[in-house]
Amino acid sequence: MADLWQNAMDHAVSAARHAGEVVREALRDDRKQTVMTKSSSVDLVTQTDQKVEKLIIQSVKEKFPTHSFIGEESVSAGEPLLLTDAPTWIIDPIDGTTNFVHTFPFIAVSIGFSVNKQMEFGVVYSCLEDKMYTARRGRGAFCNGEPLQVSHQEDINQSIIAAEFGSTRDAETVDKIFISLRRVLSLPVHGIRGAGTAAINMCLVASGCVEAYYEIGIHVWDVAAGSLIVSEAGGVLLDTDGGPADLMSRRIVAANRRIIAERLVKEIETFSPIRDDAAPANQ
Ligand SMILES: O=P(O)(O)O[C@H]1[C@H](O)[C@@H](O)[C@H](O)[C@H](O)[C@@H]1O
Ligand SMILES: [Mg+2]
Ligand SMILES: [Mg+2]
């Protein structure tokens, strides 16, 4: 049977690689980046985020004019965040913008692709590591062409967990984040790490470098591509309440094994940010 989406995935890989060149070029350009803010004073965006997203979307439209898009910076500029059954490109042009602004070396271009609301492929390009993570539904996950396999560890006390502080800094949210961190650290676990980008955290789960990653506050574009890379590497995805993963819920647990995911969920002080598919406030 002809593989309908391989051509689209090949385009996603070349678009992500080109986007990575634009990111590296911007880092080499010593003219000061204009840094803007979105939902909070620490939720950063730059002209490079916006430029990269436009480049990716334009290149896709030329080849796949009927496809739909959910792009982080397009949504921020007012485009609807609507996931339909249509072939949809779910794009985070720079995942790890704070890292980009500070040249902290974990910066990803994340491109997920869904049809009938099911991920068909995911591409995450770690620009400074030159690592191209890819997954095609039912066909495994890879990094630069090498197969990926999650960790075999089933004891959370022998695990490293990835977590992030996010960009919401109100006292109530910060308290909940620290309650979870304290509980997880005190299990104890071997360590807690954070790359500063959800997409790369998920690729670290898929690579077997960390046993699990969790976060509350992310968006669908942060995790769409990484979710397929994790599951195709043999991993498990849950919501932070222990239910099935829901890419629009703004909550994610990605783990190597269900036993690790479910043990982790017991320690997470979960809460519910406004969903990505919630009706706009002014309706
Ligand atoms: O805004 P970008 O695209 O950099 O995405 C990151 C979020 O900004 C962080 O709050 C969040 O904690 C994650 O790091 C996420 O990847
Ligand atoms: Mg992001
Ligand atoms: Mg981003």
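The values are calculated or read from the model by the stated rules, or taken from the named source; none is laboratory data. All of these numbers come straight from a predicted model, not from anything done at the bench. Glycine also receives a Cβ, built like all others from the backbone with ideal geometry; neighbour counts cover every protein chain displayed. Just the protein is used for accessible areas: all its heavy atoms, side chains included, with ligands, DNA and RNA removed. Shrake-Rupley method; radii C 1.70, N 1.55, O 1.52, S 1.80 Å.
Some observations on this one:
- Residue identified as among the small types (G, A, S) and over 24 Å from E164 (Cα atoms) among G96, G78: G78
- Residue under evaluation I200, criteria (1) of a type in the set (A, V, I, L, M); (2) open to solvent by less than 40 Å² (accessible area, probe 1.4 Å); (3) away from ligand 2 (no atom under 16 Å from the Cβ), criterion not met: (3)
- Residue check for D241: in contact with a strand residue (DSSP E or B) (Cβ under 8 Å, 6 or more places away or on another chain), of a type in the set (D, E) and closer than 18 Å to A162 by Cβ: no
- Scope region 214-243; condition of a type in the set (A, V, I, L, M, F, W, C) and within 16 Å of ligand 3 (Cβ to nearest atom); matching residues: I218, V220, W221, V223, A224, A225
- The condition (being open to solvent by less than 30 Å² (accessible area, probe 1.4 Å), within 16 Å of ligand 1 (Cβ to nearest atom) and more than 12 Å from A254 (Cβ to Cβ)) is satisfied by just one residue among V210, V124: V124.
Conditions tested, residue by residue: (1) open to solvent by less than 10 Å² (accessible area, probe 1.4 Å); (2) outside the structural domain of G191 (by TED's automatic domain parsing); (3) over 15 Å from the mean Cα position of the chain (by Cα).
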{"residue": "V223", "(1), (2), (3)": "yes, no, no"}
{"residue": "G226", "(1), (2), (3)": "yes, no, no"}
{"residue": "P244", "(1), (2), (3)": "no, no, yes"}
{"residue": "R251", "(1), (2), (3)": "no, no, no"}
{"residue": "A255", "(1), (2), (3)": "yes, no, no"}
{"residue": "I259", "(1), (2), (3)": "no, no, yes"}
{"residue": "F271", "(1), (2), (3)": "no, yes, yes"}
{"residue": "A278", "(1), (2), (3)": "no, yes, yes"}
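- Annotation: E164 fulfils all but one of (1) surrounded by 23 or more Cβ atoms within 10 Å (Cβ to Cβ); (2) charged (D, E, K, R); (3) within 16 Å of ligand 2 (Cβ to nearest atom); the unmet one is (1).
- Filter pass, A195 being aliphatic (A, V, I, L, M), on the phi < 0 side of the Ramachandran plot and open to solvent by 50 Å² or more (accessible area, probe 1.4 Å): no
- Candidate set: region 168-192, residues that are open to solvent by 40 Å² or more (accessible area, probe 1.4 Å) and of a type in the set (G, A, S); chosen: the one nearest to I107 (Cα to Cα): A171
- Flag for G145 being touching a helix residue (DSSP H, G or I) at 6+ places or on another chain (Cβ under 8 Å), more than 18 Å from R258 (Cα to Cα) and open to solvent by less than 70 Å² (accessible area, probe 1.4 Å): no
- Condition check for R137 on (1) assigned by TED's automatic domain parsing to the domain that holds G208; (2) open to solvent by 70 Å² or more (accessible area, probe 1.4 Å); (3) in contact with an Asp or Glu (Cβ under 6 Å, 6 or more places away or on another chain): one failure, at (1).
- Checked against the criterion of being over 19 Å from Y125 (Cα atoms) and either hydrophobic (A, V, I, L, M, F, W, C) or under 20 Å from the mean Cα position of the chain (by Cα) (or both), the candidates V13, V75, V22 yield just one match: V75.
- F142 being within 18 Å of the chain's Cα centre (by Cα) and either away from ligand 3 (no atom under 16 Å from the Cβ) or in the same structural domain as A225 (by TED's automatic domain parsing) (or both): yes
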